[in-house]
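Reading through the structure tokens given below for one structure.
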Amino acid sequence: MTSSDELRVIVLAPTTRDADIAHRLLKEAAMDVVACRSIVELLDHIEVGAAAVVMTDHPTYSQSSITQLGRVLRNQPPWSELPIIALARAESASESLYALRSLPGLVLLERPVNTRTLLSSVSAAIRGRLRQYAMREQFEKLRIANDELNEAARTKDEFLATLAHELRNPLNAISTSAQVLKVAATRPRALEFAIDVIGRQVGQMSRLLDDLLDVSRITRNRMVLRKDLHSVSNILNAAIETARPLIDQKRHLLTVNLPDKNLFLMGDAVRIAQVLSNLLTNAAKYTEPAGRIAIKVMEDGEMVAICVSDTGIGIPQHSIHSIFDMFAQLRPAIDRSDGGLGIGLALAKGIVDLHGGTLSVTSDGENRGSEFVVRLPLAPCDVTTSLMDKSTATSDAHTEPQSLSRRVLIADDNADSLQSLTLLLQAQGHTVFAAKDGGEAIRLFEQHHPEFALLDIGMPVLNGYEVAQQVRSLCDANTMSKATLIAVTGWGQPEDKRKALAAGFDHHVTKPVGSDILRSLLNGVEVVS
Ligand code: ADP
């Protein structure tokens, strides 16, 4: 913004007469004029702001004051060249005129100056100065954009460092466990330990990857909610179950305060439980051992308020607004024993927003604990009653499936994945045919007519989609009984799923596939992945 001082014309005229004439002339032309008598005074005005300077050549100017003026004019910011209009006699050979000529931005007018020439020169100088002010604004915008880019690049670098750190921990544990497995043949306890560690750490890595994919879904508006009627306490129980190991490990006391009335909401239970378990895990992470965590659920008009408070390290007031930003971490992961990627709260807020709710935080400051409050719309009473009947009916009808022995084709070009999945399915009592590419998958399918085919997508010879299409037409042409085709891929976005279903797959699951999901699929249980 241009200040009024920056629109002034400063007239430097050591003699009263010159000053009066210039002052009057410019004033008559509706210019904002300030007169001064010395270069020292002029410098003070320039510091505050000026559109142009009009000065007369005068023998009283000292060499040092002109040098000082030159220094100030040469040190202007890149957008600025303050116009200086100097009035001097043609025959003048004064030392001061010689020195004035070297000033940057100087226009010399010969005295006596025609009034119109002076006015048009000053007007042109002011117009030029206004263009400089406009350029200053552009410079400022560029500077802010540049600062933001630098900040984004810094945040991205920090995030990548944190991600590498977070992935290295489980990898390290898995790698050590693999060494343990080599020597574990005669030590059953070591074997059991290594298997536990690998299972746990793979779970940890999968959760990190799930969070990363969720972040990308939320930021691209691609997160799909599976909304249904759920009781708040059921969702809360699922969340507590997830966070419980860390709460117990840190010996925190957890208290839960529920209202007498059972509250229901219409939402995606898995996602809301994810939000609550994230808040609980954070409360456990950011509280010194043996702290207190409290959950309080309250009906608040048409909303339910779920408060998660802790007695932990708290949040400084200046960080409270940025805490929900993506990648926001108040202390770098390196300082914290229980790492994290700094995306949990951003994700939680995104999920709550998608449900039409709010997520807020308060804290009395460092080491004084924090309180997070999730507010979600309650289901309308009529929906609650009618849908409750239905959900009770479906849950009553649910029975545990029995394990069956299946004939399964697996195709994967990654030898380790192929081998381990073969071993796992054989251990579950299935007959397995293993193919290392799409071509072999088709041959084995024709030979053995398996009931199930677990197909990787990116494979040599024929990719998973092509195998699925060929298998479907083979079954149609030979009136073979329909095999269940399952795409097993690293790509878990909704469009990947749609592509798989369009190619003829019945299911799409993302790697790593848990043994429970496999068991359910091969037993014909509908799996949500
Ligand atoms: P992460 O825990 O992976 O770093 P989050 O997005 O879940 O990422 O949290 C962002 C940051 O907010 C954390 O790094 C931490 O500094 C702060 N924070 C979150 N929850 C709490 C809490 N209950 N108490 C204090 N600080 C917290």
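Points to keep in mind about this one:
- The lone exception for Asn237 - which of (1) away from the ligand (no atom under 16 Å from the Cβ); (2) buried (at least 17 other Cβ atoms within 10 Å of the Cβ) it fails: (2)
- Hits in region 197-252 - residues which are farther than 25 Å from Arg375 by Cβ and basic (Lys, Arg): Arg200, Arg207, Arg220, Lys250, Arg251
- Test: residue in region 473-482 that is over 30 Å from Asn221 (Cα atoms), touching a residue at least 24 places away in the same chain (Cβ under 8 Å), touching a Leu at 6+ places or on another chain (Cβ under 8 Å) and in a loop (DSSP other than H, G, I, E, B): yes
- Within the option set Gln317, Gln249, being away from the ligand (no atom under 12 Å from the Cβ), surrounded by fewer than 14 Cβ atoms within 10 Å (Cβ to Cβ) and under 27 Å from the mean Cα position of the chain (by Cα) holds for one residue only, Gln317.
- Within region 448-466, the residues that satisfy the criterion of being in contact with a Gly (Cβ under 9 Å, 6 or more places away or on another chain) and either without any contact (Cβ under 8 Å) to a residue 24 or more places away in the chain or in a loop (DSSP other than H, G, I, E, B) (or both) are Asp456, Ile457, Gly458, Met459, Pro460, Val461, Leu462, Asn463.
- Some residue of region 363-383 being more than 10 Å from the ligand (Cβ to nearest atom), modelled with pLDDT of 95 or more and of a type in the set (S, T, N, Q): no
- Residue that is at pLDDT below 90 and either near the ligand (Cβ under 9 Å from one of its atoms) or not β-branched (Val, Ile, Thr) (or both), where the choices are Asp325, Asp353: Asp325
- Any hit, region 209-227, residues being closer than 24 Å to Asp310 by Cα, touching a Leu at 6+ places or on another chain (Cβ under 8 Å) and not in a strand (DSSP E or B): yes
The values are calculated or read from the model by the stated rules, or taken from the named source; none is laboratory data. Note that the structure is predicted; figures quoted are calculated from it, not measured. Cβ: placed from backbone, ideal geometry, glycine included. Neighbour counts: every protein chain shown.
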